[in-house]
1. For an R0 of 22 angstrom, estimate the FRET efficiency from the Cβ-Cβ distance between residue 107 and residue 131 and round to the nearest 0.05.
2. Any number yet on Rg/Rh for the chain, C-alpha, Kirkwood?
3. Counting only other residues whose beta carbon sits under 15 Å from that of residue 73, what net charge do I get with K and R as +1, D and E as -1?
4. Per-residue counts of other Cβ atoms within 10 Å, averaged by peptide: what ranking do you get for 20-30, 83-93, highest first?
5. Given points 7 Å out from each Cα along the Cα-Cβ axis, report the residue 119 to residue 149 separation in nanometres with one decimal.
6. Under the classification rounded if a/c is under 1.5, otherwise prolate if a/b is larger than b/c and oblate if not, where does region 16-69 fall, given a ≥ b ≥ c as square roots of the Cα gyration tensor eigenvalues?
7. Summing +1 for each Lys or Arg and -1 for each Asp or Glu, what net charge is found among the other residues whose Cβ lies under 10 Å from the Cβ of residue 128?
8. For region 12-149, compute the number of Lys pairs whose alpha carbons are separated by less than 18 Å, excluding pairs fewer than 8 positions apart on the same chain.
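Read-outs: derived from the displayed coordinates by stated rules, not from any lab. The model shown is predicted, which means the values in this text are computed figures rather than measured ones. Cβ sites come from the backbone with ideal geometry, for glycine too, and all protein chains shown count toward neighbours.
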Amino acid sequence: MLLHLPATRANIDGSIRRVVMSSARGTFEVKITPMPVDDYTDAATLGRMTIDKQFSGELVATSKGQMITGMGTVKGSAAYSAIEKVTGTLGGHRGDFVLQHTGIMSRGAQSLVITVVPDSGTDALAGLTGTMQIIIDGKQHSYVFEYTF
């Protein structure tokens with residue numbers, strides 16, 4: 001189900017133009033694999049992992065990426081950053097794009113921002129901008145992707 005939401009965006013000359021935001025929803029499977037400890041990680045306070053995802057729904061795609069993590073000294077405090085390259089079809093448009101994740105957990109309170117890297121869209125996904133929300137319900141992962149071209 002694609003929802004079209006009115007929004008505005010500034011042109012280079014400062015004038016305002018109306019853009020249409022679309023919303024894609026679906027589920028995904030994810031495999032996260034810890035990378036070996038090396039001179040840059042210790043697996044206790046710093047870690048690195050690979051990410052492999054399979055998206056279904058209105059985004060039919062695979063992705064590959066890497067995550068770095070940092071743990072705080074207080075239980076429930078940590079952060080992660082990740083970059084993943086997504087390849088597939090979104091709303092009938094085929095191509096690649098890159099997502100950047102910033103996740104913070106402060107004593108259990110969570111914040112997650114996932115953004116399309118500017119100008120990372122290729123082929124029919126050129127000009128893609130947007131943000132993705134991840135919802136975890138038990139072991140089920142789903143997404144809501146708000147985007148425009």
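1. Values: r = 25 Å, r/R0 = 1.14.
Calculated value: 0.30.
2. Dividing the radius of gyration by the Kirkwood radius yields 1.02.
3. Details: positive: 75, 107; negative: 42.
Counting the neighbours of residue 73, the net charge comes to +1.
4. On the way: 20-30: 15.5, 83-93: 17.5.
Answer by packing, highest mean first, reads 83-93, 20-30.
5. For the pair residue 119/residue 149, the computed spacing is 2.0 nm.
6. Working: a/c = 4.35, a/b = 2.02, b/c = 2.16.
Verdict is oblate for region 16-69.
7. Details: positive: none; negative: 96, 119.
The answer is -2.
8. Values: 31/53; 31/64; 31/85; 31/139; 53/64; 53/85; 53/139; 64/85.
Within region 12-149, the lysine pair count is 8.
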